[in-house]
1. The protein assembly as shown: D in µm²/s via Stokes-Einstein (Kirkwood Rh, Cα pairs, 10 °C, 1.306 mPa s)?
2. Rounded if a/c is under 1.5, else prolate if a/b is larger than b/c, else oblate: which is region B:2-248, with a ≥ b ≥ c the root eigenvalues of its Cα gyration tensor?
3. Please compare each pair in A:Lys45/A:Lys99; B:Lys327/B:Lys350; B:Lys99/B:Lys327; A:Lys17/A:Lys350 to a cut-off of 26 Å on the Cα-Cα distance and tell me which ones are over it.
4. Run lengths n ≥ 4 of DSSP H only: what is the helix-derived mean residue ellipticity at 222 nm for chain A, with -39500 (n - 2.57) per run over all residues, to the nearest 500?
5. Compute the separation of the alpha-carbon centres of region A:319-380 and region B:27-45 and state it in Å as a whole number.
6. Helix A:219-228: angle to the longest alpha-carbon principal axis of chain A, degrees 0 to 90, nearest 10?
7. Which entries in A:Lys377/B:Lys352; B:Lys243/B:Lys352; B:Lys254/B:Lys274; B:Lys118/B:Lys274 show an alpha-carbon gap greater than 29 Å?
8. Would you mind ranking B:Arg53, B:Arg293 so that the residue whose beta carbon has the fewest other beta carbons within 10 Å leads the list?
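All of the numbers you see were taken from the coordinates with simple rules; none came from a lab. Being a predicted model, the structure only gives us computed values, none of them experimental. Reconstructed Cβ throughout: ideal geometry from the backbone, glycine too, with neighbour counts over all protein chains shown.
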Protein chains: 2
Amino acid sequence: MIKMQDFKVTPWEVEGKVDYEKLVREFGLKFVDDNIINRIKNHTKELNVMLRRKFFYAHRDLDLVLDDFEKGKGFFLYTGRGPSGPMHIGHLIPFYFTKWLQEKFNVNLYIQITDDEKYLERELSFEEVQKWSYENILDIIAVGFDPNKTFIFKDTEFMGNIYSLAVKISRKINFSVVKAVFGFKESSNIGILFYPAIQIVPTFFENKRCLIPAAIDQDPYWRIQRDIAEYFGYYKAAEISSKFLPPLTGMQGKMSASNPRSAIYLTDDEKTVKEKVMKYAFSGGQATIELHRKLGGNPYIDVSFQWLYSFFEDDDDRIKKIEEDYKSGKLLSGELKEILIEKLLSFLEKHKEKREEAKEIIHLFMRDGELAKEMRKNRF
Amino acid sequence: MIKMQDFKVTPWEVEGKVDYEKLVREFGLKFVDDNIINRIKNHTKELNVMLRRKFFYAHRDLDLVLDDFEKGKGFFLYTGRGPSGPMHIGHLIPFYFTKWLQEKFNVNLYIQITDDEKYLERELSFEEVQKWSYENILDIIAVGFDPNKTFIFKDTEFMGNIYSLAVKISRKINFSVVKAVFGFKESSNIGILFYPAIQIVPTFFENKRCLIPAAIDQDPYWRIQRDIAEYFGYYKAAEISSKFLPPLTGMQGKMSASNPRSAIYLTDDEKTVKEKVMKYAFSGGQATIELHRKLGGNPYIDVSFQWLYSFFEDDDDRIKKIEEDYKSGKLLSGELKEILIEKLLSFLEKHKEKREEAKEIIHLFMRDGELAKEMRKNRF
């Protein structure tokens, strides 16, 4: 648990303005630098926008993952989703980066739906968590993963295959550790105390290095994993960790279900998207058009610009022009918001179509695809 | 966790000379009295020796179980075994009482093999625990349960069917509770912290009252169960609890794998049985034959007598005569030991035969019998 003077980051809470550099130093990660980006580019030819713009900005052992890939040993990907409610844009875009990695390196991907964790950590009913699991899985499948190389599983329904391994892992982790790492208390329930063992299990699914693309708040799990992996004869988990897409309402914290204004949900309709961006997206512009023309805006605190920069405007020349025009005052806040709205609407429209198609192929990811079939036979 | 001045009883440790009356008061159970014994006898006609002699001596809600039985609602039985090593006589005889209850009341019985717990609580390898699970299950089946009304399962292999319920239960139990009840510490591993939820699961297998025949050291689990059962719409667990068969070496503690002299193992051969009883069985006799003839022996501290009384000498007239003859000095310590040895050898011989047969029918208890088949289809 990292709780600093001005901000707080745990797998369950992000508060305040996150100092991402400080997190990297405190957690002991490395920055994604040009050197490692160039090594990736050697293999992928082009670079994903989230890597180019360093939205995925920190890593552990990514260099060793690339070594293994180059030696032909390969690696595998693992990420997940806690199904506590509808997914918003901020939840989904790391999956786009994961899909890019799968496509470029042609590797297996495991996606854990942590329905147990969300039930244990929230006041939700078991049925609600099951409903959100299904809804979220459709959103994830819509991203376009390879159905023969991707296995999506809910903890409660795959536990028969993984409980023995979770038990073995759990013997190596005590209350002091989870208290120190996650801030668990004496009042924490015994299910959530056990849960970290379950999130570690998939890092042992293959005897290759496991690369985890995820937001940096998940790092505490991987720190524990790295302390015990070699005892079990497996590799320490490697990570490539992202920042949080800032909430619409400003650069602090992360988008939150408890404040619907802070996020664009994947189910938001055109009117809602326009309204949210126009009304709530925090602007780096000036108070009046006259002032804006004169002084220019500040793209670095402007949420619309940040969203375009992190993900939605893939074209480097175009984002550079937007940045300059905004700074010079040529581009107004309202116009910047219009650019984002257009991108969002086109993204959501495509997403909704692919989400419908996902209903027809969900069985491939969970049961009938090549990797899923193999996994259903395995007992760990 | 009950830790009194002179003795200690937890599910993992029994130390000192147990004051069984004090345990009942501290745990809040009721004594098995003549009134409840007569109510049982109304239905069973005859009374099992362990009930007649009050080896099963305490209960919770046994009166309500009988009410439910009389009203036609019925009840079910649940007990278990922690497979940490070979079984000895003390482990097995409560199963004989359980079998008697099943036969007389014609009810379903669930037997949980807690391989996860034993792995988490000991320094054993996972493979050792699996080996002992199989060996112990054969010993249990040899007792003669109804293969269509008995379901035996290992936690690690049945977890797929019960994890969701364990998760629901675990949300209602926090670290403070398991610390207070079991004496868990900050250094306890997160697997054993979660485990109490798993031991509670089978009390919810049917929407009837669950009667648990077990040694009294398991009571802490049922106290937690009774605090949360009604929240889940189930009955508070009922118990009928036994004392421990005293170790050969004297009336303190319970038989222990770490001291093989203290116990008769189900695999002990004739020579070993004779040697152990003759050499190590604590005697209430006098130092010399002359003194013994003159002063008589004390059956109440004599382990051979206690074993005969609690289980091996079913005949009330005969045990009375043994008691009197021993007290009067007519029966010598060596002769008393011979009586026990004969009973033990005949018991073990029959057991070994039935244990061989168990290998052929183990599948009925775990997969193919009527109850097992039904349970394999259920997800809790």
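1. The Stokes-Einstein estimate is 54 µm²/s.
2. On the way: a/c = 1.30, a/b = 1.25, b/c = 1.04.
Verdict is rounded for region B:2-248.
3. Working: A:Lys45/A:Lys99 16 Å; B:Lys327/B:Lys350 32 Å; B:Lys99/B:Lys327 34 Å; A:Lys17/A:Lys350 32 Å.
Cα-Cα > 26 Å for B:Lys327/B:Lys350; B:Lys99/B:Lys327; A:Lys17/A:Lys350; rest within.
4. On the way: 17 runs with 192 residues, N = 380.
That calculation yields -15500 deg cm²/dmol at 222 nm.
5. 67
6. Once rounded, the angle reads 30 degrees.
7. Numbers: A:Lys377/B:Lys352 36 Å; B:Lys243/B:Lys352 26 Å; B:Lys254/B:Lys274 20 Å; B:Lys118/B:Lys274 31 Å.
A:Lys377/B:Lys352; B:Lys118/B:Lys274, as the Cα separations exceed 29 Å there.
8. Working: B:Arg53 17, B:Arg293 13.
Least to most surrounded, the residues fall as B:Arg293, B:Arg53.
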